[in-house]
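Input: a single structure, listed below in structure tokens.
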There are 2 protein chains.
Amino acid sequence: MHEILIEEKILAKNGEIASENRSFFKERKIFAVNIVSSPGAGKTAIIEKTVPLIKDKVNLAVIEGDLATDLDARRLLKFGIPVKQITTGKACHLDAHNISHILPWVLEQKGVSLLIIENVGNMVCPAEYDLGESIRVVVMSVAEGDDKPLKYPAIFSSSDALLLNKIDLLGHTDFDIDKAKENALKINPYLKILETSCRTGEGINEWCAFLEGEMTGAEVKA
Amino acid sequence: MHEILIEEKILAKNGEIASENRSFFKERKIFAVNIVSSPGAGKTAIIEKTVPLIKDKVNLAVIEGDLATDLDARRLLKFGIPVKQITTGKACHLDAHNISHILPWVLEQKGVSLLIIENVGNMVCPAEYDLGESIRVVVMSVAEGDDKPLKYPAIFSSSDALLLNKIDLLGHTDFDIDKAKENALKINPYLKILETSCRTGEGINEWCAFLEGEMTGAEVKA
């Protein structure tokens, strides 16, 4: 019981800071995307495919969250975009406080309109921690099994879009894509579902178009 | 700082209960295996392949840990073995307390000598929580990327064996298996590494032989 109260307090505090981050982004017209997934579902690869397609149109920066190493940040730095690594040590998710500390760095990059935040690879804990993002995108590899939305409901119910990634592996697995979509929509009927492959490039244009559409939508609403 | 102290207290308490579980298992000659991985790496499939090969030789029971649903437990019940589902709700890992509550049920199954515990799919949090198991086995799908041991070091350093699973997908990914092994052994030079595929059956006999060897080794030591 005591543990639950502590968790509630931590989450309440996180929610407060997330609101501040959200106001910060809104005032400066920064669209923030929180990308979440299991380890190895392809978050970094998606970003690697996205950057060349949009970097001439939008001013972007990336925050990389990892327990250890700066391997992912180094993969992205080669595109000549600003990348900041957060190493969480044992912490299994990014939290709003991590992000609030990076906001001065975001401002230093001048005119950032899209901030991509790659969370720690974990399908459980990041679901509970609002970062103040504009949208949350969950990536799921078709190698993971079509039952995942039912087994990890919080991450699917809290996301705006689902990328069914590594779609090129579909024929080599027992993954039932219709079942996966049905399961995902059962948990969250508002989920926008896209199919992507970073190996073949399938669906990457559609994903970038979706992202740009969301950014425009956010501007119109603002 | 306050949060870190709370975490230390929780882990210390978990460690105490894990020691009690370990004594319980040792006194009753129960070999307990804690299987950990990302969501969808193939933990349940590995157990499905293991059970038919060993259930005539050893008396086994399975504990299934999931956030939600009893889908995995139902997959295993069809083998006619005792299976207990633990649904953790929001908790991102099994802990020693969860297991201690199940011990009376384990005794009721009469003469269990192998207890397989499938943890919640998560490569971060389960690393910190000793359940009192005899060995810990981490499963990693080759679809996840060969850099995972470096990026999620705690789960690899705390495990006794690594199953590189879905090895049938190897030719369809950019996964470098030698690099993956090198990375895993860099984190934990004592890790026994096996390659498995639940689709083709490759490596399952070797895995079962390893498991039986570990059980015999534990008996000899006892």
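Throughout, read-outs are computed from the coordinates displayed, never taken from laboratory work. Owing to the predicted nature of the structure, the values given are computational and were not obtained by experimental measurement. So basically every Cβ, Gly included, is an ideal-geometry build from the backbone, and we count neighbours across all protein chains shown.
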What average count of beta carbons from other chains do you get within 10 Å of the Cβ of residues in B:166-175? 3
Cα-Cα over 18 Å: which of A:K151/B:K55; A:K166/B:K166; B:K26/B:K221; A:K84/B:K90; A:K151/B:K49? A:K151/B:K55; A:K84/B:K90; A:K151/B:K49
For segment B:143-157, what does the Karplus curve 6.51 cos²θ - 1.76 cosθ + 1.60, with θ = phi - 60°, yield as ³J(HN,Hα) per residue in whole Hz, taken in order and with x for Gly and Pro? 6, 8, x, 6, 8, 4, x, 6, 8, 10, x, 4, 5, 7, 6
Selected from B:G171, B:G201, B:G15 as most flexible by GNM, with chain B as the system and alpha-carbon contacts under 10 Å: B:G171
Backbone HN-Hα couplings from phi across segment B:105-119 [Karplus 6.51/-1.76/1.60, Hz, Gly and Pro as x]: 5, 4, 4, 4, 6, 6, x, 4, 10, 9, 10, 9, 10, 8, 6
Considering only the other residues whose Cβ falls under 13 Å of the Cβ of A:A154, what net charge follows from Lys and Arg at +1 and Asp and Glu at -1? +1
Tell me the distances, shortest first, between B:G111 and the same position across the other copies, using label points 7 Å along Cα→Cβ, in nm to one decimal. 7.8
Give me a single rounded figure for B:137-147: the average over its residues of other chain Cβ atoms within 10 Å of their Cβ. 4
Would you list B:E64, A:E8 from fewest to most Cβ contacts within 10 Å? A:E8, B:E64
Rank these for me by crowding, B:T200, A:T69, A:T196, going from fewest to most other beta carbons within 10 Å. B:T200, A:T69, A:T196
Using the Karplus curve 6.51 cos²θ - 1.76 cosθ + 1.60 with θ = phi - 60°, what ³J(HN,Hα) values do you get for each residue of segment A:201-213, in whole Hz, with x for Gly and Pro? x, 4, x, 5, 4, 4, 4, 5, 5, 4, 4, 5, x
Axis-nearest residue in chain A [Cβ, rotation onto B], distance in whole Å: A:A143, 2
So the label point sits 7 Å from Cα along the Cα-to-Cβ vector; using that for A:G171, what distances do you get to the other copies, in nanometres, sorted shortest first? 1.2
Using a 4.7 Å cut-off between beta carbons, which cysteines in chain B end up with no partner cysteine at all? B:C198, B:C208
If we count other beta carbons within 10 Å of each Cβ, what is the order of A:C208, A:C125, B:C198, fewest first? A:C208, B:C198, A:C125
Under a GNM of chain B (C-alpha, springs under 10 Å), which listed residue has the highest mean-square fluctuation: B:K13, B:K186, B:K84? B:K13
Where does the charge balance sit around A:R74 when Lys and Arg score +1, Asp and Glu -1, over other residues with C-beta under 14 Å from its C-beta? -3
For label points placed 7 Å from Cα toward Cβ, what is the shortest-first list of nm distances from B:I6 to its copies? 0.6
List, in the order given, every pair from A:K186/B:K43; A:K186/B:K78; A:K43/A:K148; A:K78/B:K181 whose Cα-Cα distance in the structure shown is over 21 Å. A:K186/B:K43; A:K186/B:K78; A:K78/B:K181
Once the dipole of segment B:2-221 is set up from charges on Cβ (+1 Lys and Arg, -1 Asp and Glu), the residue from the list B:I155, B:A12, B:Q109 lying farthest towards its positive end is B:Q109
